[in-house]
1. Which order do you get for M283, M249, M89 if you rank them by accessible area with a 1.4 Å probe, largest at the top?
2. For the stretch 297-385, what is the accessible area per residue in Å², given a 1.4 Å probe and the full set of protein chains?
3. For the residue pair V84 and K354, what label-to-label distance in nm results when each label sits 7 Å from Cα along the Cα-to-beta-carbon direction?
4. As a test question: what accessible area, to the nearest 10 Å², does E186 have when a 1.4 Å probe is rolled over all protein chains in place?
5. For the stretch 32-121, calculate the relative contact order in percent as a whole number, restricting contacts to Cα pairs under 8 Å that are 6 or more residues apart.
6. Which value, in debye to the nearest 20, gives the size of the charge dipole of the stretch 129-249 about its Cα centre, when Lys and Arg are +1 and Asp and Glu are -1 at the Cβ?
7. What three numbers, in Å, describe the spread of the alpha carbons of the chain along their principal axes, ordered from the longest?
8. Full extension from L263 to A23: what is 0.36 nm times the residue separation minus their Cα-Cα distance, to one decimal in nm?
Amino acid sequence: MIFSSLLFIFRFLPIALAIYYLAPAKLKNLALFLVSIFFYSWGEVRYFPIMLACIVGNYFIAIFLGKNQDKPTVRRWLLVLTLVFNLGMLFFFKYTDFFIININALFGTSIGLLRLTLPLGISFYTFQTMSYTLDVYRGEVEPERNIIDLGAYVVMFPQLIAGPIVLYKDVAAQLKVHKNRYTLSEIDAGIGLFVLGLAKKVLLANSIGALWDDIKVLGYANISTPLAWLGAIAFTLQIYFDFSGYSTMAIGLGKMLGFNFPLNFNLPYISRSITDFWRRWHMTLSGWFREYLYIPLGGNRRGMKRQVLNLFIVWCLTGFWHGANWNFLLWGFYYFVLLTIEKLWLHKPLAKGKIWPHIYALFFIVVGWAIFAVDTGMGDLAMFFSKLFIPQGGISAGYFVRNYGLSLLLGIVCSTPYPGRFYHKLCRQKKEVLRIAFLAVLLLVSIAYLVDSTYNPFIYFRF
């Protein structure tokens, strides 16, 4: 069940909110826990025990950490246990077959594949539970002794499937507020964000994404160079509106429930550098790797050589986190190279430039998304890149420009600050009638699209 579905909008959400709002103050977290379990189990009931084990395991590890504050050796072993437990589950389900395939290819063995289905949201909820236990280890939060409250944090349905990655310390205080957790103004703001996110996902990501799907059906060997670039640009826009739309819906749902989730996207395509891009794109994931990996490795405190090594480790793992495929590892290494070049040589020139830094950043962002998008093998990736950088004939881009040109143009405009400024102006000037009318039109058009179309993918479901 995804947010941008009629089932979620017209059945699950109204019932879930009614249960949550009508529940007594002290039972709010239990209500949230139960409706979130139902939300998750709707599509992945057979893997619910995996999530339950994740909650229970981290709950007890954190309790033991709290009880052994004066025993550093025990605490270190518990730290090892939490890393092995959380990363082990993620590795087993997400990466086992990847390593079996590569071992078979490298050594000529014939080890059978497990062909495991990836549990829904495991890449996100393992990071969240692990960050909670790590924060307990570091003394930044107290161990949560109410397992229902911890469970409500982990399975909270707005951020369960695809983030944003919410740290326990960001919502711990809100979980303990039973009365007046939410206000009518917060619910109103949350509804507005949900509608805006739905429109981004349905009206922009879905309509633009159909172009990239058309290109995959045609085959990379059959397309022309202009069409290859058009496809790369389409995927660049699709993944932004797909993921940022879903994150905006999640933040809106959080507000309806009385929680303030962190911002996950901040207009990444207006960036002036690749460094700037990663300060604006999937900000909660970047923040997680920075806080729990880059800084513990030494960050930039141990000289340039160690800093470059730390960047290499972080970006290879960032790429690998996205999927068990060589193109994702290459994608992570690609950004390591670009960020290292900027740090060593381009920082000052980029800071002085006006127009060219934006062009530079957009070019390499689009190329990066091309690496990310072609996940069907290195041969296909090489073929697509030959189409991008060696002028070739093939199926013309003309037909696709005519069919998708308006959607692409609208996507480009909506990647800039101007639509956001328009909406915030309506909010600031308290033109409630205009704001409500605007949101109502977006909602009705989005619903009409969902009723009429069967194309409603969500890219980050597979991660």
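1. Values: M283 55, M249 0, M89 25 Å².
Heavy-atom accessible area, descending, gives M283, M89, M249.
2. Details: 4350 Å² over 89 residues.
Roughly 49 Å² per residue, with all protein chains present.
3. 6.0 nm
4. Estimated to the nearest 10 Å², E186 gives 60 Å².
5. Numbers: 34 pairs, mean separation 22.8, N = 90.
Across the stretch 32-121, relative contact order equals 25 percent.
6. Working: 9 positive and 11 negative charges, 17 e Å.
Computed about the Cα centre, the dipole is about 80 debye.
7. On the principal axes, the chain reaches 67, 63, 51 Å in Cα extent.
8. Details: separation 240, 0.36 × 240 = 86.40 nm, distance 2.83 nm.
Separation in residues times 0.36 nm, less the Cα-Cα distance, equals 83.6 nm.
The values are calculated or read from the model by the stated rules, or taken from the named source; none is laboratory data. Values in this document were obtained by computation on a predicted structure and should not be read as measured data. Neighbour counts are summed over all protein chains in view; Cβ atoms, including those assigned to glycine, are modelled from backbone coordinates with ideal geometry. Heads up: the accessible areas ignore ligands, DNA and RNA and are worked out on the full protein's heavy atoms, side chains in. Shrake-Rupley method; radii C 1.70, N 1.55, O 1.52, S 1.80 Å.
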